[in-house]
C-alpha cells in the first residue's frame, strides 16, 4: 500500500501544489472598424494525459475506487521501458484596453493578465509501475530497474502588464510570479533486487529530490515575459493566413527559503529482511529517518533557482475576417517539461452560422500519444463562449489515456 501511495504522490504532486490550447485563438481586426474599446478573456483548462496509464486506473487513483487485477493488467501491458505522464490545471484572465493610447501612439494599447498554473510531469519505468501495483512478489529473483525516473510538481501565480498593437495584435507582457508549491526529483540510476527466498534485498540508488517544505504560501518569486507575434501570410489573391508565434512564462524564479533535498549515491545489501519488512517499520517520523539513514539517503537544505516551465506554440490560427466557412489550423507546441514531447497538431474549423462555430483536431506528442479533439464556440452579442476537449475519447472510453476540458469566455465592450 505504501508503495502505491508513493506512486500516486508522484503523479499528483503538482495538483496539490496555459495549457494545451484546444480552443484556437481567432484573429480579428475589429479595432479597425472601431467596434469596441475593451476586451476581457477568461479561460480555464484541466488536462491529464499519459502514454501508458488508462483512464480506468487513473480515475480510481484520482477520485477513489477499487483497482482490480484486470485494471492493473491492462495498464501494465501498455508500458514500455520509459513512460510519460503529465497534468495541467490552469486558469487565466487577460484584459486589453483599446481606448488607451500608450506612449502617445494611437495603435498601442495596454494589456493586463494573470493566472494560476499547476503542472505535473513524470517519466518512469515499467518496473516502477510493476513494483508499485503488484508488489515485490512479481520481482522475486529478478532486478527491478527504475533508472531514468524524473518528476516535477509545480504551482505558481502570475500577474503581468504589457502593451499590444491594436491592429496586428502583437504584444509583449512583463510578468511577476509567485511560487506556491514545488517538488522535483531525478533517479539517475536505480535497481532493486530481492532474492527468490525473500530473505535479502539489494538496492543501488543514485538520485536526488527537492521539496519546498515551508508553511508560507509563497515559496519564491520570479520574473518573465509573454510574447505574441502574428504574421500575415498571403495564400492567394483573396485569402491571407495568420501565423502566430506565442511564448508564455519565459522566465526564472528563485526560492525565498531553503528547499529540503534528499540525495543518495549508494549500494546497500540487507540480509534477513524482505522488502515489506524494510518499510513496515517506518510508521512514525523517527523510524522514517532511520529507514532513510539505512538506505544511505542524506537530507540537507539547499538554495535554488530554476526556469519557469515555458509554453511555446507556432502555427496557423483561425481568422474571423476570412470569408470562408471552413478554415484549417495547425502547428507545433512545446513545454519546458521533461515529460512533454514536442506536439504536432492540426484541425478544421467550421463556421456553422454567424453565432456558432464547430471544430475538430488531432494531435500527437505531448504527454501522450495520438489524441482527437472537438470544440464549439457560441457568440451572443458582445460575448462568446467556447468549450472543448483535446481528448474527446477520454470522456467516454475506459481504455483511453487521459481527460481534457477547456473553456473560454470572451467579452468585448
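In this label model, residue 227 and residue 140 are separated by 5.9 nm, measuring between points 7 Å along each Cα→Cβ vector.
Just subtract the alpha-carbon distance of residue 324 and residue 266 from 0.36 nm times their residue separation and send over the number in nm, one decimal. The partial results should precede the final answer.
Values: separation 58, 0.36 × 58 = 20.88 nm, distance 6.44 nm.
Length gained, residue 324 through residue 266: 14.4 nm.
Ordering 253, 102 from the fewest to the most neighbouring beta carbons within 10 Å gives 102, 253.
Per residue, the convex hull spanned by the alpha carbons of region 110-195 comes to 126 Å³. Using every Cα-Cα pair within region 196-236, state what percent have a distance larger than 17 Å. Everything past 17 Å amounts to 74 percent. Based on alpha-carbon centroids, what's the gap between region 122-176 and region 32-102 in Å, whole number please? Measuring centre to centre over Cα atoms gives 12 Å. For the chain, adding -39500 (n - 2.57) for each run of n ≥ 4 DSSP H residues and dividing by the number of residues yields -4000 deg cm²/dmol at 222 nm. Centroid-to-centroid, using Cα positions, region 335-413 and region 182-210 are 40 Å apart. Ranking of 79, 74, 269, 349 by neighbouring Cβ atoms within 10 Å, starting from the fewest: 269, 74, 79, 349. If you compute Kirkwood radius over Cα pairs in Å for the structure shown, which of (i) 28.5; (ii) 29.5; (iii) 23.5 do you land on? After the calculation, the listed value that fits is (iii). Computed extension gain for residue 379 through residue 42, at 0.36 nm per residue and net of the alpha carbon distance, reaches 119.8 nm. By the count of other C-beta atoms within 10 Å, a proxy for reagent exposure, 235, 343 are ordered fewest to most as 235, 343.
All of the numbers you see were taken from the coordinates with simple rules; none came from a lab. The shown structure was predicted, so the numbers you read here are calculated from the model rather than taken from an experiment. FYI the Cβ positions are ideal-geometry reconstructions off the backbone, even for glycines, and counts take in every protein chain you see.
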